[in-house]
Every structure is written in C-alpha cells, then in structure tokens.
Amino acid sequence: MNSRSYYAYKFFKDTIPIYPVYLLLFESKGLSLGQISLLLAIWSVPVVLLEIPTGILADHWNRKNLIVFGSLFKAACYVLWFFSDGFALYALGFISWGIGEALCSGSEEALLYDSLKGKREEECFDKVYGTGNFFSGLGVAVSCFAGGILAEAITYEGVLAVSAAMVSVSALFALSFREINYFKAKLDDREEWNREKPLATLKASMKLCINNQMLLLVILMLVLAVGAAGILDEYDPLVADSFDLRLSIVGIWIGFRYLLEAIGSRSAYLIKSLFEKSGISEPFHIVFALCLISGASLAIFGFFHHILLIFLYGFFYLLMASAVILQEDYVQKQIEEHGRSTVHSIISLMQNLYGILFFAAVSLISRIGIQWIISLSGVYIILVSLILFLRRRAMGTNPRAH
C-alpha cells in the first residue's frame with residue numbers, strides 16, 4: 001500500500017458534503033423527528049451485526065477487496081438518497097452505509113500495518129495511521145464548511161451527487177492498494193487451513209484480548225474513556241446551540257472541531273515523543289495522562305460554560321484523537337499469530353455496544369441540560385481512567401501473567 005494513495009483514499013472517503021445537512025434533507029422531505037431518529041438507529045444495525053463476520057472475512061479472504069466494496073456500498077447510500085422521496089429508500093441507504101462501514105472496519109488498519117511490515121516500517125504505523133486520520137478529519141472539516149453552501153447553490157440532490165462521486169473516487173484509490181495479509185499467508189497449506197477455521201480465528205483473537213492483561217487494559221481505556229469522545233461529538237450541534245450561535249456558525253463550529261481532531265491525529269507520534277523524552281514511555285501511561293488532561297478540560301468547559309473557554313473543548317478532542325492513534329498503534333503491535341482484522345472488529349463491536357449504553361445513559365439524565373452532561377462526561381472520563389490506572393499498578397511488572 002502506497003502511503004500517498006492511502007492518504008488520498010482517507011480524504012475522499014470522508015469528504016462528504018451531505019454530512020452536515022442530511023438531517024435537514026430528511027426534514028425537507030417531510031420526515032418526522034421520530035422517523036429521523038429511527039433512521040439513525042437503523043444505521044447501527046448492520047454495523048453491529050456484521051462487525052465480527054466482516055473482520056473474520058478480511059483475515060481469511062482479501063482486505064483490499066473489502067475496502068473497495070465498503071467504499072462502493074457507502075457511495076450507494078447517497079445514490080439511493082438521490083432518488084428517495086420517503087422513508088424506505090432513506091432506510092435502505094443507511095443499511096448500505098452501515099454495511100460499508102463494517103466492511104472497511106479493521107480491514108484498513110490491518111492492511112496498512114501488514115503493508116508497513118512488508119517494508120519493515122511497522123514502527124512508523126502511528127505516524128502513517130495518524131496522518132491518514134488527519135486527512136480523514138480534514139475531509140470531514142471541508143464537508144462541514146462547504147455542505148450548507150453547496151446545498152443552497154446546487155440543492156440537496158446536487159450535494160448527494162457530489163458525495164457519491166467523492167466516495168467513488170476513494171474506491172478507485174483503494175483499487176491501487178497492494179494486498180498483503182501475513183495471517184492468510186500462513187494458512188495457505190490446505191491442512192493448516194482446515195484446522196484454522198474462521199471460528200477458530202475468532203476464538204484465538206478473543207483469547208488474545210482477554211489473556212494479555214496489558215492489551216485488555218488498553219482496550220478498556222479505548223472503549224470506556226477515549227471512546228466517549230466519539231460519542232459526545234454527536235451532541236456538538238447542541239453544544240453550539242447552547243451559546244445561541246447562528247445556524248450558519250454551527251457548521252463552522254463543527255468543521256473546526258473536526259479540524260482539531262485531524263491535527264490531534266497527525267500529532268500523535270509527536271505527543272508520544274514528548275512523553276518519552278519526559279520519562280513516560282509505556283503507551284498505557286501516555287494515554288492515561290491524555291485522558292486525565294482532556295477529561296479535566298471537558299469538565300471545566302462544561303462547568304463554567306463560557307464561550308471564552310471553547311479552546312478547552314477543542315483541546316479535549318485534539319488530545320483524544322491522539323489517544324486513539326496511540327492505542328491503535330499499541331494494539332497492532334501486540335498482534336502476532338492472530339487475525340488483525342478480527343481483533344480490530346472485536347474492539348469495534350465493544351465500542352458500538354458501549355455507545356448504545358452511553359446514549360441510553362445520557363437520555364436518562366437529559367433534563368439536566370447539555371452543559372452538565374458535558375461536565376459530568378469529563379468527570380466520568382477521569383474516574384474511569386483512574387480506576388484502570390490503579391488496575392495497571394496492581395498488575396506489577398509482568399502484565400501478561402495476571
């Protein structure tokens with residue numbers, strides 16, 4: 001996999017100008033708030049159901065092909081929406097989008113790591129993966145800045161056509177990837193293939209995540225603490241609205257937030273280097289420190305709820321984006337004889353299920369207002385991080401033995 005092609009793929013895949021306005025599209029077609037909420041729920045169904053099967057398929061078949069098909073399924077969503085005039089096709093579009101996400105989840109990271117490993121450059125994974133996420137975040141930021149303007153200039157249908165075209169371009173770049181799968185290469189022998197069936201791959205991957213206690217702690221930190229950022233960003237428009245900002249400014253607000261996340265992804269390896277120079281070299285401790293700082297920033301921003309403290313809100317997302325890269329880097333380096341895509345899919349499934357629980361918890365306390373939800377989320381991140389840190393200390397110097 002050529003790094004430049006990977007960066008281009010990531011950029012075009014997420015440069016989707018319909019992102020910031022698709023809820024307005026649904027509303028313009030007469031869909032009720034209840035129908036819109038149901039559509040958002042429908043998206044998560046194929047992701048949850050297919051996460052593990054597509055991860056196993058990626059390890060046993062072809063990761064490049066899954067990435068290409070995933071991009072095409074995502075493009076098909078916007079094509080369906082282009083012709084839609086009611087709930088049914090919008091729902092079918094979300095199903096197609098969800099299938100696309102499941103196909104790409106794990107395949108991208110695994111193919112990238114094995115490609116770097118083939119060039120003996122796996123130590124650069126955090127830098128390359130972070131840069132890829134930078135271009136992904138940049139694409140989303142561009143979409144947020146341009147979506148509303150394009151919708152007014154060329155209508156929603158025009159924006160959908162542009163969105164489908166951009167994702168299709170990402171599929172073309174994915175076609176240029178070179179398939180490298182060291183896990184599958186070890187199963188080329190027919191007898192070994194029969195022993196290493198897909199369910200055995202799943203079982204071995206789950207054992208890795210559970211038996212390697214250090215890896216399990218990193219996964220739990222990723223899901224329970226760092227993962228909160230990927231959930232809270234859904235409430236971004238409400239946070240912006242709490243300051244009575246104009247509707248036109250909300251898109252700019254969200255765009256800048258994605259831009260900060262992109263910078264955080266790109267800077268992950270630099271942040272790691274700074275911690276290492278200060279004497280903190282263990283990845284878990286670096287992520288723990290990032291969670292404490294970002295959690296405190298979020299809690300303070302929510303508590304005082306002042307527009308002048310908006311830099312703390314952005315700082316939270318910047319640091320959490322870095323934490324995601326560093327954790328993914330650690331996870332990939334722990335995988336040796338196991339299916340990379342399968343391990344990643346197990347973690348993604350945990351994140352999706354946790355997200356459902358998090359949203360349910362927020363709905364129960366929604367009456368306290370978005371300001372206090374944000375502040376309490378920061379406190380929650382700090383507490384979870386401290387609990388996992390104490391568990392790390394209890395493990396001593398031989399994490400795998402506990």
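So for the stretch 3-401, what are the equivalent ellipsoid semi-axes in whole Å, largest first, each being the square root of 5 times an eigenvalue of the Cα gyration tensor?
Semi-axes from the Cα gyration tensor: 32, 28, 19 Å.
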Placing unit charges on C-beta atoms (Lys and Arg positive, Asp and Glu negative, everything else neutral), compute the dipole magnitude of the chain about its Cα centre in debye, rounded to 20.
700
Can you tell which of Ile335, Tyr78, Ile368 lies farthest toward the positive end of the dipole of the chain, using +1 and -1 charges on the Cβ of basic and acidic side chains (Lys, Arg; Asp, Glu)?
Ile335
Residues in the stretch 98-125 that a label on Ser281 would reach, taking backbone N under 20 Å of a point 7 Å out along Cα→Cβ:
122-125
Give me the extension gain from Phe83 to Leu353: residue separation times 0.36 nm, minus the current Cα-Cα distance, reported in nm with one decimal.
94.0 nm
Could you tell me which trypsin sites (Lys or Arg not before Pro) in the stretch 59-162 are loop residues by DSSP with no more than 12 other beta carbons within 10 angstrom of their beta carbon?
Lys119, Arg120
What does the charge add up to near Val21, with Lys and Arg as +1, Asp and Glu as -1, over the other residues with Cβ less than 13 Å from its Cβ?
-2
Hey, could you grab the Kirkwood Rh for the stretch 116-223? Inverse mean 1/r over distinct alpha carbon pairs, Å, one decimal.
18.5
Longest span of the chain, sites excluded, free of GluC sites (Glu not before Pro) in DSSP loop with at most 11 other C-beta atoms within 10 Å?
1-335
In Hz, Karplus ³J(HN,Hα) per residue of the stretch 7-20 (6.51, -1.76, 1.60; θ = phi - 60°; x = Gly, Pro):
5, 5, 4, 5, 5, 5, 4, 10, 8, 10, x, 7, 3, x
Assign unit charges at the C-beta atoms only (+1 for Lys and Arg, -1 for Asp and Glu), then state the dipole size of the stretch 110-223 relative to its Cα centre in Debye, rounded to the nearest 20.
380
Which whole-Hz couplings ³J(HN,Hα) result when phi for each residue of the stretch 63-71 is put into the Karplus expression 6.51 cos²θ - 1.76 cosθ + 1.60, θ = phi - 60°, listed in order with x for Gly and Pro?
5, 4, 4, 5, 5, 5, 4, x, 5
Extreme residue, positive dipole direction of the chain, given options Ser322, Ser242, Leu175 (C-beta unit charges):
Ser322
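Values in this text are rule-based calculations from the coordinates and carry no lab data. Quick caveat, the model's predicted, so the values are computed rather than measured. Here Cβ is always computed from backbone atoms with ideal geometry, including for glycine, and neighbour counts include all displayed protein chains.
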